[in-house]
Amino acid sequence: MKRFVEYLAEAITDGPRIPHPEDSILLGSAEAKKYANALTEIVRNPQAATIKWDGGIALYFGRNQQGQFFITDKYMPAKGVYPTSPQGWRDYDNNRGANRTNLYEKIETLWPGLEASVGNTTGIFKGDLMADGEEMIPRDNNFVFKPTTVTYTVPANSYLGQLMTNKVALIVVHEFAGRPWDGKTGLANVANVAVVPPNINLSFKLPNGNALLSKVVGLQSIITTYGTLADEFLAGLDNVARKLLGTYLNHVRTQQTKDTINVWLKTHANNKQYQNLIGDGQSGYMAQNKAGLDSLYKIWQSIFEVKVEIEQAFESQIQGFNQSTATGAGGEGIVFPTSLGLIKLINPNFGSAHFAKPQ
């Protein structure tokens, strides 16, 4: 039987990053069609949507088979570290020559309340620390906190605000035992740490679902029309060139660049790659295969636009608190379980704000 520590390490270790649907075309038109189908699943099952919170530190916590309560970050298990006391966090950092300053105080503050909330439940919870300390004191009748990029404003008299009242921390819990947490199983909101599921008490619907579904169906037609040329273009790129193209498209998406790819590659590709891809502007692979590059762009942009429209339809339904970034209203986005696994639909304002802030 697999030891609990092995199970814990597997459960905590992050797999591949949750993909952006539009990036699927970089793996070929067949993959893009799979993600278009996944968008169909999303539109047809809106109740499965969950809010993607822009959390601070990710925490994994629960009781092991010996009944010991633990809290770990996502990096500790890979090194065989499962702290069963706040001091374990300090020891871990001391041994690796690190100092995470006030994080230790945060862990000490929330430890007893989180342990009480878990009770005797054995298993692993996954959540994000959203607010603690002075952020848990309402100002002008609002709780305001900004873990990373998104600022959350929660009226004190709202449902979430009432859950936060007289608590020392807020943790949004996403998973229990490797599955989405239902807000009830194994974890009680009975101590001085507010533990809440991603959607709080919100259930999503899509009144305009038929219109969105038509647009998703239209994606399949676009991928079919332009897919052959896009595939032929991709076949002529090595892995380094594909990665460069993907990075460029992501920089476009997050508004990190407004340059054409010819200009962008001057500062992001080595001389050999630049000569192969661009050359003198006419001799490079991209100019020689412009129809293929344009077809790939067409598919990427089409998926991106439909994805954003779906994301906005969901995010417009979020009530009870406000989300905003430096570049506009809205939060990080929405997450869905699909037949391809989890898929995230990110608010475009979030990406722009995240990469615009000082690093």
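The values are calculated or read from the model by the stated rules, or taken from the named source; none is laboratory data. From a predicted model like this one, the values you see are computed outputs, not experimental measurements. All Cβ positions, glycine included, derive from the backbone under ideal geometry; neighbour counts span all protein chains shown. Each accessible area value is taken on the protein alone, full model and side chains, heavy atoms only, with ligands, DNA and RNA left out. Shrake-Rupley method; radii C 1.70, N 1.55, O 1.52, S 1.80 Å.
Please find the FRET efficiency linking L202 to E108, where r is the Cβ-Cβ separation and R0 is fixed at 35 Å, and quote it to the nearest 0.05. Let's see the in-between values first.
Values: r = 32 Å, r/R0 = 0.92.
According to the calculation, E is roughly 0.60.
For the cross-link pairs K52/K290; K298/K344; K215/K344, which exceed 28 Å when the distance is taken from alpha carbon to alpha carbon?
Checking Cα-Cα distances, K52/K290 exceed 28 Å.
Which label marks the calculated value of semi-axes √(5λ) of the Cα gyration tensor in Å, given the options [x] 36, 23, 20; [y] 43, 30, 19; [z] 40, 24, 20?
Here the calculated entry is [z].
On the protein heavy atoms, probe 1.4 angstrom, tell me the percent of accessible surface of the chain carried by carbon and sulfur. Can you show the working numbers first?
Values: 8680 of 17530 Å².
It is 50 percent, rounded to a whole number.
Under a point-charge model restricted to the Cβ atoms of Lys and Arg (+1) and Asp and Glu (-1), what is the dipole moment magnitude of segment 102-245 relative to its Cα centre, in debye to the nearest 20? Show your work: numbers first, answer last.
On the way: 11 positive and 13 negative charges, 79 e Å.
Here the size comes out at about 380 debye.
Give the lysines whose C-alpha is closer than 18 Å to that of K167, dropping any in the same chain fewer than 8 places away, or say none.
Cα-Cα hits under 18 Å: K106, K146.
What accessible area, in Å² to the nearest ten, does a 1.4 Å probe give for Y297?
Estimated to the nearest 10 Å², Y297 gives 60 Å².
Leaving out same-chain residues fewer than 8 places away, which lysines sit with a Cα under 17 Å from that of K272?
Straight-line reach from K272, under 17 Å: K243.
For the chain, give the magnitude of the charge dipole about the Cα centre (Cβ charges: +1 Lys/Arg, -1 Asp/Glu; no others), in debye to the nearest 20. Kindly include the intermediate steps, with their values, before the conclusion.
Values: 33 positive and 32 negative charges, 60 e Å.
For the chain, the charge dipole is close to 280 debye.
Keeping every protein chain in place, order R63, R139 by accessible area at 1.4 Å, biggest value first, i.e. largest first. Intermediate results must be reported in sequence, preceding the final value.
On the way: R63 35, R139 135 Å².
Ranking R63, R139 by accessible area, largest first, yields R139, R63.
Go ahead and estimate [θ] at 222 nm for the chain from helices alone: -39,500 (n - 2.57) per DSSP H run with n ≥ 4, summed, over the residue count, rounded to 500. Walk me through the intermediate numbers first.
Details: 12 runs with 153 residues, N = 359.
Estimated from H runs of four or more residues: -13500 deg cm²/dmol.
When a/c reaches 1.5 or more, the comparison of a/b and b/c decides; with that in mind, is segment 132-236 rounded, prolate or oblate per its Cα gyration tensor? Let's see the in-between values first.
Working: a/c = 2.50, a/b = 2.45, b/c = 1.02.
Judged from the Cα gyration tensor, segment 132-236 comes out prolate (a/c at least 1.5, a/b above b/c).
As I understand it, the value is the acute angle between the Cα axis of helix 290-315 and the longest principal axis of the Cα atoms of the chain; what does it come to in degrees, rounded to 10?
Compared with the principal axis, the helix lies near 30 degrees.
Quick one: grab the alpha carbon gyration tensor of segment 75-197, order the square roots of its eigenvalues as a ≥ b ≥ c, and give me rounded if a/c is under 1.5, else prolate or oblate depending on whether a/b is larger than b/c.
On the way: a/c = 1.97, a/b = 1.32, b/c = 1.50.
It comes out oblate by the Cα gyration axes.
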